[in-house]
Amino acid sequence: MTLILRLLLKAAPLIFFFLVARALKGVLQASQYGRGSGGADAPPYGKDHTGQGGSAGRRGKDPYVVLGCTPSSSNEEIKKKYRELLGKYHPDRFIGQKLDEEFIQLASRKFQEIQEAYEKIRQMRRF
């Protein structure tokens, strides 16, 4: 009995630090994406080329990558790809289909990201 008690007393600090480290890891991951403990603003597409997640990462993402084009693509190709992606990710398309609210929000964020990327390309190319 004393042997078990001694082992528990020696292991207690290790167990305590393990649990604290696990809790801190969750808090740090949540704060990395700017979502607090709620998880509502989790990054939908993972990390981009800047190494950041969340909305800050989407702002730094290459607009050509978002639209699936290259800088050498013509204006017409970019416009065609933009219209195609808008039709695919438009939130109104998913609202009446009884899908999860989270999926609809994901589509809305992707839709907004596509619009922002197209606007950046339009400003850069002046078309």
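Would it be correct to say that ILE104 is surrounded by fewer than 18 Cβ atoms within 10 Å (Cβ to Cβ), of a type in the set (Val, Ile, Thr), part of a helix (DSSP H, G or I) and modelled with pLDDT under 95?
yes
Among residues of the range 65-93 that are assigned to a loop (DSSP other than H, G, I, E, B), those with a beta-carbon under 7 Å from a residue that is among the basic types (Lys, Arg) at least six positions away or on a different chain give the pairs GLY68/LYS81; CYS69/LYS81. Does any residue of the range 94-101 turn out to be of a type in the set (A, V, I, L, M, F, W, C), assigned to a helix (DSSP H, G or I) and surrounded by 16 or more Cβ atoms within 10 Å (Cβ to Cβ)? So far as the range 94-101 goes, yes, one or more of its residues are of a type in the set (A, V, I, L, M, F, W, C), assigned to a helix (DSSP H, G or I) and surrounded by 16 or more Cβ atoms within 10 Å (Cβ to Cβ).
The values are calculated or read from the model by the stated rules, or taken from the named source; none is laboratory data. In this text the structure is predicted, and so the values were computed from the model without any measurement. As a convention, Cβ positions derive from the backbone with ideal geometry for all residues, glycine included, and neighbour counts pool all protein chains shown.
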